[in-house]
Each structure stands twice: as structure tokens, then as C-alpha cells.
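Notes to accompany the following structure.
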Amino acid sequence: MNRNDIIEKLKMFPYDSKDYWVITGAAMVLYGIREVTHDIDMGCTADMADKLEKAGYLYKITSDGNRRFKIGDDIEVFENWLFGKVVSVEGIPVISIKGLIEMKQKLGREKDKRDIRLIEEYIHGTENVCDIVE
């Protein structure tokens, strides 16, 4: 899924954008750090998680006691999963780059370590990135 695919899918997403934010690989694609990702991961408020549950979406309880929803083949929504703050990228709520790094550090997988290196290269090679870093 490339940047345009993500934007188009989110335009059709039937929930209020104040209740969710894009995280992990899809956030990296929206920032231009990576070209593609295989799915869209999002964080959401407890209110949106309640709406998803009421709408009949199946969920699992994560180790921190929050809900994780699978929506279709390519969207996962994680209740209350946010590090840093949310910023806007072309009108789409996205985890800040600082939050993205914190999230990837917490996950700690090898692919997350590679992503952190890509993010750091992006920060060092981009002018005026300070608005989205915090």
C-alpha cells in the first residue's frame, strides 16, 4: 500500500478523524520515510473502540488491557496506543515522529530497529521537520 492508497482508504474510513491516528508503517509512508506498507495500523480513543465493538468488530485484549480490532484485511486499530502527540499530515492524524520512534523502541523487534534507522536518516536529511518531530 503506497501513500495514495492509504490516503484514499482513510478518506473512506467511516469514523471521526479526531478519534484515531495513524501509527507504525503507514505513518512512515505518509511522512515519506518508506514507499509502501502492507497494512494500516491506527491508534484510537476508548470512545472509538466502544463504537467499533458496538458495530460488531471482533477484538482481542492486548497485554496492557486495551482492545485490538481487525477491520477488513488491511486495517488494525489499537485502543489508546499513543506515544508523543498527534500531528496532521495532509489532514490525516498521524503519530509524531518522536512518538513513532518511542513506539518502535518499545516494540524492539529487528524490523523496528531498522525503521528507527530510516526515521533518523529522514530527520537528518529533511529541512523544517521540527513541526512533525515532537
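Select the strands (runs of 3 or more DSSP E) contained entirely in region 29-103, then report the ones holding at least 1 residues which are closer than 27 Å to residue 124 by Cα and of a type outside the set (S, T, N, Q).
Values: elements: 40-44, 59-61, 67-71, 75-79, 86-89, 92-95.
So the answer is 40-44, 86-89, 92-95.
Residue 88 fails exactly one of the following numbered conditions: (1) polar (S, T, N, Q); (2) buried (at least 16 other Cβ atoms within 10 Å of the Cβ); (3) within 24 Å of residue 1 (Cα to Cα). What is the number of that condition? Of (1) polar (S, T, N, Q); (2) buried (at least 16 other Cβ atoms within 10 Å of the Cβ); (3) within 24 Å of residue 1 (Cα to Cα), only one is false for residue 88: (2). Looking at region 61-72, is at least one residue among the acidic types (Asp, Glu), at pLDDT 95 or above and either loosely packed, with under 11 Cβ neighbours inside 10 Å or closer than 18 Å to residue 24 by Cα (or both)? Scanning region 61-72 turns up no residue that is among the acidic types (Asp, Glu), at pLDDT 95 or above and either loosely packed, with under 11 Cβ neighbours inside 10 Å or closer than 18 Å to residue 24 by Cα (or both). Mind listing whichever residues of region 18-50 are of a type in the set (Gly, Ala, Ser) and buried (at least 19 other Cβ atoms within 10 Å of the Cβ)? Listed by number, the residues that qualify are 25, 26, 27, 43, 49.
Looking at region 115-132, can you tell me whether even one residue there is modelled with pLDDT under 90, of a type in the set (Val, Ile, Thr) and in contact with a strand residue (DSSP E or B) (Cβ under 9 Å, 6 or more places away or on another chain)? Yes, some residue in region 115-132 is modelled with pLDDT under 90, of a type in the set (Val, Ile, Thr) and in contact with a strand residue (DSSP E or B) (Cβ under 9 Å, 6 or more places away or on another chain). The set of residues in region 109-124 being over 14 Å from residue 23 (Cβ atoms), in a helix (DSSP H, G or I) and not hydrophobic (A, V, I, L, M, F, W, C) consists of 110, 111, 113, 114, 117, 120, 121, 122, 124. Do we have any residue at all in region 43-53 that's under 13 Å from the mean Cα position of the chain (by Cα) and either within 22 Å of residue 119 (Cβ to Cβ) or charged (D, E, K, R) (or both)? Yes, region 43-53 has at least one match. Please determine whether any residue of region 4-27 is within 20 Å of residue 104 (Cβ to Cβ), assigned to a loop (DSSP other than H, G, I, E, B) and touching a Lys or Arg at 6+ places or on another chain (Cβ under 9 Å). No; the residues of region 4-27 include none that is within 20 Å of residue 104 (Cβ to Cβ), assigned to a loop (DSSP other than H, G, I, E, B) and touching a Lys or Arg at 6+ places or on another chain (Cβ under 9 Å). Please work out if residue 52 is out of contact with any Gly (no Cβ under 7 Å at 6 or more places or on another chain), at negative phi and free of Cβ contacts under 8 Å to residues at least 60 places away in the same chain. So residue 52 fits the description; yes.
The values are calculated or read from the model by the stated rules, or taken from the named source; none is laboratory data. Predicted model only: the values in this text are computed from it and were never measured. Counting neighbours? That spans all protein chains shown, and the Cβs are built from the backbone with ideal geometry, glycine included.
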